[in-house]
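To start, I am sharing the structure in question, which I have written as structure tokens.
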Amino acid sequence: MSYAIETVNLTHYYSKGTVQQVAAINDVNLQIEKGELVGIIGHTGSGKSTLISHFNGLLKPDSGKVLVDGEDIWKNKETLRQSRFKVGLCFQYPEYQLFEETVYKDIAFGPKNMKLSEAEIKERVLRAAEFTGVKPEHLGKSPFDLSGGEKRRAAIAGVMSMEPQVLIFDEPAAGLDPKGRKDLVELIKNYRKQTGSTVIIVSHSMEDIAGMADRIIVMNNSTVAMQGSVDEVYSRGDELRSMGLNVPEITEIFAKLRAKGINVPANVYTVEQGENILRTLLKGGAAV
Amino acid sequence: MIRDITIGQYYPGKSVLHRLDPRMKLILTFGLIVVIFLCKSFFSLGLIALTAVFAAIISRVPAKMILKSLKPIVIILLFTAVLNIIYTEGGTVYFEKWGIAITEKGINTAIFTMIRIVSLVVISSLLTYTTTPTMLTDAIERLLSPLKIFKIKVHTLAMMMTLALRFIPTLIEEIDRIMNAQKARGADLESGGLVQRAKALVPIFIPLMVSAFRRAYELAFAMTCRCYTGGEGRTRMKQMKLKFRDFAALFFLVAVTAGVIFLNIKFEAVI
């Protein structure tokens, strides 16, 4: 079976052909399995955004290949067009892309570009709106009349309505309050559970990633520095710190507890997990 | 594509031209542009061309940068040259067919206008290469300040210009971002007829306007928070003072002007 997305020796330069030429991503080889939820982490400028912009052909590789569903997306015009619909990319602050007169029309923009039938478009818009929690009475309103959080949901619905096989979020929770953050994480988890599609999340928030991802890819210096399960990656805290990253705060607290001789596990990545362990510990039970 | 525009591009340096008072540079540039249009013979125009080359050399701006500023006008140059050759008549006829005549005068005029346009662009781009946009608007504000008598808000105009220049790169970045977001939703910006392409710009243009207004409001707030109230009673950190070199430059302009007038009288006019 082919991978959802595969990159082969993918390299991209910025300011190519000038003295300032730098490799934004250098010789990246990745395989993303179908149905997987992958988190990509890395400090600012590590090449994360450049990498994901290759997945739907917004950027053309200077060398190497991007395969979506086993097919080179740069083979011809049609494969490139299809890659845009197979791989949905939801950028940081997606609410800044809203433009239509009504929320409904804006969510329908993607499916319309796919040249689907009116009935199919309607079905998809309503489905995406329900999924993202866009209220039905908002569909007829102007997107510019919504609140910040509502705009974000409408914009995410605009990408989801294309029903891509792979959905990529770049910093989906940026600028949201804690509740908005939590809701969004739930939304993404639910989406994946119900549709079974592949999801890739780029984030700075180690907690958010830890709570969702099956696998984590760490980008550093334009290449993949580490990849593996949440346990595997977060157990290498010192290496992460040397790349300007960190482990989740709760993991660090538990590491300090262990250092004080308290018998708690090291693989705690979410606050809920930590809360449960501490509760049983306080009741006198064994933590591990 | 948009990045090729060199207007307002500053080339950092410490040459005499860089250190010249920006007000004087503005006066010099405008003076020279007027003088370019005074030229009537190849000799007076040659003097201007030499002046432009001389200025380019002492500015220490690489020749490559100066040629880059000429790139956008290549088409205009060719167009005017062809028109001049076809429509100007007089002197020896070199070629005549299909109602088109190529004459000595036509070729002369074409060459003359081409040199004129190139000098014009070189001189004005030297101004922006050697002066930062902030210095330039500052200079414009000072030079226009007498207009205050007519209740024209010179300071506001200059501030608007500074801000507009400052936001060009920001908006270009914004356009890039919005274009990518809409392309990711399958927007087709590259194919189709004229009407279709114009329509395809709507999803780019509207978010751009929205964000431009949002930025403008934010900036206005930030400026108000830092007690900005306009030009009234505002003092400056960097005072501009005319130095010897500025007067020397002014003298240079006068000398060039006199030279041009002299050569105009002495030699036969081309146009």
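Bear in mind that the values in this text are calculations on the coordinates, not laboratory data. Here the structure is a predicted model, which means the values were calculated and not measured. Positions of Cβ are generated from backbone atoms using ideal geometry, with glycine treated the same way; all protein chains shown enter the neighbour counts.
Could you give the size of the charge dipole of region B:88-207 about its Cα centre, using +1 on the Cβ of each K and R and -1 on the Cβ of each D and E, expressed in debye and rounded to the nearest 20? Walk me through the numbers on the way to the answer.
Working: 13 positive and 10 negative charges, 92 e Å.
For this selection, approximately 440 debye.
May I pose another question? Where in region B:189-269 are there trypsin sites (Lys or Arg not before Pro) that are in a DSSP coil and have at most 10 other Cβ atoms within 10 angstrom of their Cβ? Don't skip to the end; give the middle numbers.
Values: sites: B:Arg197, B:Lys199, B:Arg214, B:Arg215, B:Arg226, B:Arg234, B:Arg236, B:Lys238, B:Lys241, B:Lys243, B:Arg245, B:Lys266; in loops: B:Arg226, B:Arg234, B:Arg236, B:Lys238, B:Lys241, B:Lys243.
Filter output for region B:189-269: B:Arg226, B:Arg234, B:Arg236, B:Lys238, B:Lys241.
Based on C-alpha coordinates, I'd like the Rg and Dmax of region B:60-150, in Å.
Values for region B:60-150 (Cα only, Rg and Dmax): 19.6, 61 Å.
I'd like the GluC sites (Glu not before Pro) in region B:146-255 restricted to DSSP loop residues with at most 16 other Cβ atoms within 10 Å, sorted by number.
Numbers: sites: B:Glu173, B:Glu174, B:Glu190, B:Glu218, B:Glu232; in loops: B:Glu190, B:Glu232.
Of the GluC sites (Glu not before Pro), the ones in loops of region B:146-255 whose Cβ has at most 16 other Cβ atoms within 10 Å are B:Glu190, B:Glu232.
Still on this model: Report, by chain and number, residues whose modeled amide H sits under 5 Å from the one on A:Met219, excluding near sequence neighbours (fewer than 5 apart, same chain).
Sorted by chain and number, the residues that satisfy this are A:Ile41, A:Gly42, A:Ala225.
Using the alpha-carbon centroid of each, what span in Å lies between region B:195-271 and region A:90-168?
Each part's Cα centre sits 42 Å from the other's.
For each pair in A:Lys65/A:Lys182; A:Lys60/B:Lys199; A:Lys16/A:Lys112, compute the distance between the two Cα atoms and list the pairs where it is over 27 Å.
Violating the 27 Å limit, Cα to Cα: A:Lys65/A:Lys182; A:Lys16/A:Lys112.
How large is ³J(HN,Hα) for each residue in region B:18-32, as worked out from phi by the Karplus curve 6.51 cos²θ - 1.76 cosθ + 1.60 (θ = phi - 60°), to whole Hz, x for Gly and Pro?
5, 7, 4, 4, x, 5, 5, 4, 4, 4, 4, 4, 5, x, 5
Tally Lys and Arg at +1 and Asp and Glu at -1 over the other residues with C-beta under 12 Å from the C-beta of B:Gly13: what net charge comes out?
On the way: positive: B:Lys14, B:Arg19, B:Arg60; negative: none.
Local charge sum for B:Gly13: +3.
Taking beta carbons within 10 Å but only from partner chains, what does the mean come to for residues A:53-66? Display every interim value, and only then the final one.
Working: counts 3, 0, 1, 4, 2, 5, 1, 0, 0, 0, 0, 0, 0, 0.
Whole-number average of other-chain Cβ neighbours for A:53-66 is 1.
Additional query: Using 0.36 nm times the number of residues separating B:Leu242 and B:Ala216, minus their current alpha carbon distance, what extension gain do you get?
Working: separation 26, 0.36 × 26 = 9.36 nm, distance 3.54 nm.
This chain segment gains 5.8 nm when fully extended.
Please work out whether chain A counts as rounded, prolate or oblate from its C-alpha gyration tensor, where a ≥ b ≥ c are the square roots of the eigenvalues and a/c under 1.5 means rounded, while otherwise a/b larger than b/c means prolate and anything else oblate? Please list the in-between numbers first.
Numbers: a/c = 2.06, a/b = 1.26, b/c = 1.63.
Oblate shape, in that a/c is at least 1.5 and b/c is the bigger or equal ratio.
Please average, across the residues of B:187-200, the number of beta carbons from any other chain that are within 10 Å of each residue's own beta carbon, and give a whole number.
Values: counts 6, 3, 0, 1, 1, 0, 0, 0, 0, 0, 0, 0, 0, 0.
If you average over the peptide's residues, the count of other-chain Cβ atoms is 1.
Oh, and also: Using a 10 Å cut-off around each Cβ of peptide B:173-182, what is the average number of partner chain Cβ atoms that fall inside?
Working: counts 0, 1, 0, 0, 5, 4, 2, 8, 14, 6.
Neighbouring Cβ atoms belonging to other protein chains average 4 per residue here.
Okay, next question. Residues with amide H under 5 Å of A:Leu89's amide H, sequence separation 5 or more or different chain, H placed in the peptide plane at 1.01 Å from N; which?
Amide H neighbours of A:Leu89, under 5 Å, 5+ apart: A:Ile168.
For A:Tyr13, list long-range residues whose amide hydrogen, built 1.01 Å from N in the peptide plane, is under 5 Å from its own amide hydrogen.
For A:Tyr13, whose amide H was placed from the backbone, the distant partners under 5 Å are A:Ala24, A:Asp62.
Going through region A:51-145, which trypsin sites (Lys or Arg not before Pro) have at most 10 other Cβ atoms within 10 Å and a DSSP loop state? Mind showing how you got there, number by number?
On the way: sites: A:Lys65, A:Lys75, A:Lys77, A:Arg81, A:Arg84, A:Lys86, A:Lys105, A:Lys112, A:Lys115, A:Lys122, A:Arg124, A:Arg127, A:Lys141; in loops: A:Lys75, A:Lys115, A:Lys141.
Qualifying residues, ordered by number: A:Lys115.
Now for a separate question. If you wrap a convex hull around the C-alpha atoms of region B:2-266 and split its volume per residue, what is the figure in Å³?
It is 210 Å³ per residue.
In debye, nearest 20, what is the charge dipole magnitude of the protein assembly as shown about its Cα centre with +1 on Lys and Arg Cβ and -1 on Asp and Glu Cβ, if you could check?
Working: 68 positive and 53 negative charges, 432 e Å.
That gives the protein assembly as shown a dipole magnitude of about 2080 debye.
As a footprinting exposure proxy, order A:Glu150, A:Glu123 by other Cβ within 10 Å, with the fewest listed first. Before the final figure, lay out each step's value.
Values: A:Glu150 19, A:Glu123 14.
The fewest-first ordering by Cβ neighbours comes to A:Glu123, A:Glu150.
Can you tell me which of A:235-246, A:87-98 comes out highest on packing, and rank the rest after it, using the mean Cβ neighbours within 10 Å? Each step should come with its number before you reach the end.
Numbers: A:235-246: 14.7, A:87-98: 23.2.
In descending order of packing, they fall as A:87-98, A:235-246.
Can you work out the FRET efficiency for the pair B:Phe262 and B:Leu165, with r the C-beta to C-beta distance and R0 = 60 Å, to the nearest 0.05? Don't jump to the answer; show the numbers that get you there.
On the way: r = 39 Å, r/R0 = 0.65.
Once rounded, the FRET efficiency stands at 0.95.
Quick one: B:Phe244, B:Phe43, B:Phe205, fewest Cβ neighbours within 10 Å first, how do they rank?
Values: B:Phe244 7, B:Phe43 17, B:Phe205 14.
The fewest-first ordering by Cβ neighbours comes to B:Phe244, B:Phe205, B:Phe43.
What is the projected area of the convex hull of the Cα atoms of the protein assembly as shown, averaged over all directions, in nm²?
On the way: hull surface 153.0 nm².
Result: 38.2 nm².
What Kirkwood Rh does region A:127-186 have if only Cα atoms enter the pairwise 1/r average? Answer in Å. Numbers along the way, then the final one.
On the way: mean 1/r = 0.0827 Å⁻¹.
With all distinct Cα pairs of region A:127-186 included, I get 12.1 Å.
Take A:Ser142, B:Ser191, A:Ser49 and order them by how many other Cβ atoms sit within 10 Å, fewest up front. Write out the running numbers ahead of the final one.
Details: A:Ser142 14, B:Ser191 9, A:Ser49 21.
By the 10 Å Cβ count, ascending: B:Ser191, A:Ser142, A:Ser49.
Return the tail of the calculated pair distribution for region A:66-167, meaning the percent of Cα-Cα pairs more than 23 Å apart. Before the final figure, lay out the partial values.
On the way: 1363 of 5151 pairs.
The proportion of pairs with Cα distances above 23 Å equals 26 percent.
Which one, A:Asn76, A:Asn267, A:Asn26, has the greatest fluctuation when you compute a Gaussian network model over chain A with C-alpha springs under 10 angstrom?
Of the options given, A:Asn76 has the highest mean-square fluctuation.
Another one. What is the spread of the Cα atoms of region A:94-217 along each of their three principal axes, largest first, in whole Å?
Cα extents, longest axis first: 39, 29, 20 Å.
Give a residue-ordered list of calculated ³J(HN,Hα) values for region B:114-122 (Karplus: 6.51 cos²θ - 1.76 cosθ + 1.60, θ = phi - 60°; whole Hz; x for Gly, Pro).
5, 4, 4, 5, 4, 4, 4, 5, 4
Which residue fluctuates the most in chain B, going by a Gaussian network model with Cα springs under 10 Å, if the choices are B:Arg142, B:Arg177, B:Arg116?
Between B:Arg142, B:Arg177, B:Arg116, it is B:Arg177 that shows the largest mean-square fluctuation.
Could you point to the residue in B:Val93, B:Ile75, B:Met159 farthest towards the positive end of region B:2-266's charge dipole, with +1 and -1 charges on the Cβ of Lys/Arg and Asp/Glu respectively?
Toward the positive end, the furthest listed residue is B:Met159.
For region A:208-221, what does the Karplus curve 6.51 cos²θ - 1.76 cosθ + 1.60, with θ = phi - 60°, yield as ³J(HN,Hα) per residue in whole Hz, taken in order and with x for Gly and Pro?
Couplings: 4, 5, 4, x, 10, 6, 7, 8, 10, 10, 9, 9, 8, 6 Hz.
Evaluate E = 1/(1 + (r/R0)^6) for A:Ala266 and B:Cys227, where r is the Cβ-Cβ distance and R0 equals 51 Å; express this FRET efficiency to the nearest 0.05. Don't skip to the answer; put the middle values down first.
Working: r = 53 Å, r/R0 = 1.05.
So, using R0 = 51 Å, E works out to roughly 0.45.
While we're looking at this one, here's another question. By Kyte-Doolittle mean hydropathy of at least 1.6 and Cα axial length of at least 27 Å, which whole DSSP H helices of chain A are selected? Could you put the intermediate results ahead of the total?
Numbers: long enough: none.
Helix filter hits for chain A: none.
Hey, another quick one. For region A:215-268, place one equal point scatterer on every Cα, skip the solvent, and apply the Debye formula. What is log10 of I(q)/I(0) at q = 0.15 Å⁻¹?
Evaluating at q = 0.15 Å⁻¹ gives log10 I(q)/I(0) of -0.44.
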